[in-house]
Structures are given as C-alpha cells and as structure tokens.
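Worksheet: one structure, shown below.
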Amino acid sequence: MKISEVTIQQVCDYCGVSDVDEKEMIVSAYMDSAKAMISSHTGLSIAELDNHDDLVPVYLVLINEMHTNRDYTVEKAELNPMVKQILALHSVNYL
C-alpha cells in the first residue's frame, strides 16, 4: 500500500475516530501535516513517499499521535523507535 492509497476511513479506523467532526479535522489537518513532516524529515518529495510502502505505518502513527496529543506541552518528546528507524532508512538529506 502507498501513502496516497490510504483512505480517510482507514485513518479514522486506525485512530479510533467515529465522530464526523473529528473526521473532518483529520482530513483537513493531520493527513497533510503527516505527509509534510515525513517529506521534511526524509528530504523526499510528497510524490516520492509513494515509492516506500514501509512509510505507511509511519504515516498512520504520526496522524494518530497528532490526533491523540493535541496539547501545547507534552511530557515526553521522543520519537517512536519504529518511526525513527523507518524515517532514517529513507532520509536523503543528511545535513
């Protein structure tokens, strides 16, 4: 599966979201933000993200994290080790 093939319903199911208003928030903010974050971190273009199927779990985890942790401050500021490793595998901007 590619990131561009992930549906709104799949994201909502993954995040445990059933409320229509929350679905709209996920569509309008989190999905695009997660793609931009992955792209920025790796240096890959949004289109190039589809070349790496293993970025789909990262995409879903990031969306869920954005949805779950909506506070201004957080207790832990560490990346999920799986997310960190997969992003590192595809990083092309080593600056």
Round to a whole angstrom and tell me the spacing of the C-alpha centers of region 4-23 and region 27-95.
17 Å
Say a paramagnetic label sat at a point 7 Å from the Cα of residue 85, along Cα to Cβ; which residues of region 17-55 have their backbone N under 19 Å from it?
42, 52-55
Positive-pole candidate from 26, 3, 81, dipole of the chain, charges at beta carbon
81
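Placing +1 at every Lys and Arg Cβ and -1 at every Asp and Glu Cβ, with all other atoms neutral, what dipole size does the chain have around its Cα centre, in debye to the nearest 20?
280 debye
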Please give the peptides 35-48, 54-67 ranked by average Cβ packing (other Cβ atoms within 10 Å per residue), highest first, as a rough proxy for protection.
54-67, 35-48
Compute the length gained on full extension between residue 45 and residue 28: take 0.36 nm times their separation in residues and subtract their Cα-Cα distance, giving the result in nm to one decimal.
4.1 nm
Two-site label geometry, residue 92 and residue 68: point separation in nm, points 7 Å out along Cα→Cβ
3.1 nm
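Laboratory data are not the source of any read-out in this text; all were calculated from the coordinates shown. Since we're looking at a predicted model, the values are computed, not measured. Note: ideal-geometry Cβ built from the backbone for every residue, glycine included; neighbour counts use all protein chains shown.
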